[in-house]
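A short write-up of the structure that comes next.
The values are calculated or read from the model by the stated rules, or taken from the named source; none is laboratory data. Predicted, not measured: the structure shown is a model, and the values here were computed from it. We place every Cβ from the backbone using ideal geometry, glycine too, and count neighbours over all the protein chains shown.
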Amino acid sequence: MAQNIGLRGMGTEENKGSTMLAASLAGSVALLAGVGSFSFVLDSRLWHNHRAAAMAVQAGAALLAAGVSFPLAWWLLRRFNVRWWHVAVALAGMLALTAAAPSTSAYVFPEPMDRYHRELGGPGKCLNLSPYASDDAFPRAAQVTYTGQAPGRMTVTPLDRGIPPLVLDHARRGGTELLTAADPASAEILRFYGC
């Protein structure tokens with residue numbers, strides 16, 4: 001009878017085992033969520049600029065993961081009689097997801113050069129067939145510099161000195177805004193190439 005009562009049957013040995021296993025699993029999920037979220041707060045520059053908010057995001061991710069995983073794990077353990085090796089497989093999957101967090105974070109919050117390649121200079125983009133292209137030949141075709149006086153500004157200077165440099169704003173690590181022309185000459189270059 002205690003088996004079918006649900007939460008009121010928490011006093012049985014089987015339920016205690018399920019509860020302990022679910023709590024262990026939820027704790028592991030919380031730890032992995034906290035570790036995985038660190039890549040995101042680091043790449044988004046939140047850790048560098050707002051450390052308290054970054055810690056709150058990490059703690060929130062861990063608590064949310066634990067709050068969702070505990071009841072789900074407890075229900076699965078009670079419903080399907082999950083074994084320890086099932087838990088080991090689930091933890092291996094979660095470890096794989098956590099290991100993928102840095103590359104996912106780098107994709108969401110790319111470096112300025114990756115953003116330039118993705119938004120303007122890469123294959124299929126408006127500057128791809130121009131002297132400002134960022135193909136495999138990018139290092140040979142142009143140079144990129146970052147201006148210290150104006151943070152978030154990048155200059156793409158073709159090696160052919162007869163071609164004017166392209167100056168772009170919003171070129172900061174962890175930035176989410178699109179790269180835009182920083183001056184009228186650069187805006188004209190982007191217009192010329194249909195950007």
Could you please let me know if residue 118 is among the charged types (D, E, K, R), in a helix (DSSP H, G or I) and not assigned by TED's automatic domain parsing to the domain that holds residue 155?
no
Go through region 159-195 residue by residue and tally those that are touching a residue at least 24 places away in the same chain (Cβ under 8 Å) and under 23 Å from residue 110 (Cα atoms).
13
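Picking from 105, 69, which residue would you name as being part of a helix (DSSP H, G or I), closer than 30 Å to residue 24 by Cα and touching an Asp or Glu at 6+ places or on another chain (Cβ under 6 Å)? Even if it seems obvious, please write down each step before you answer.
Numbers: 69 fails: touching an Asp or Glu at 6+ places or on another chain (Cβ under 6 Å).
Just one listed residue meets the conditions, 105.
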What number of residues within region 178-189 satisfy the criterion of being in a loop (DSSP other than H, G, I, E, B) and in contact with a Phe, Trp or Tyr (Cβ under 9 Å, 6 or more places away or on another chain)?
1
Scan (1) out of contact with any Pro (no Cβ under 9 Å at 6 or more places or on another chain); (2) at pLDDT 85 or above for the single condition residue 117 breaks and write down its number.
(1)
Would you point out the residue of region 144-158, among those that are touching a residue at least 24 places away in the same chain (Cβ under 8 Å) and closer than 27 Å to residue 47 by Cβ, that is surrounded by the fewest Cβ atoms within 10 Å (Cβ to Cβ)?
150
Which condition number does residue 62 fail, the rest of (1) under 12 Å from the mean Cα position of the chain (by Cα); (2) modelled with pLDDT of 90 or more being met?
(1)
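Table: residues versus (1) in a helix (DSSP H, G or I); (2) under 26 Å from residue 58 (Cβ atoms); (3) modelled with pLDDT of 85 or more.
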| site | (1), (2), (3) |
| --- | --- |
| 93 | yes, yes, yes |
| 99 | yes, yes, yes |
| 131 | no, no, yes |
| 134 | no, no, no |
| 143 | no, no, no |
| 148 | no, no, no |
| 163 | no, no, yes |
| 176 | no, yes, no |
| 191 | yes, no, yes |
Of the residues 123, 102, 71, only one is out of contact with any strand residue (DSSP E or B) (no Cβ under 8 Å at 6 or more places or on another chain) and in the same structural domain as residue 167 (by TED's automatic domain parsing); which?
123
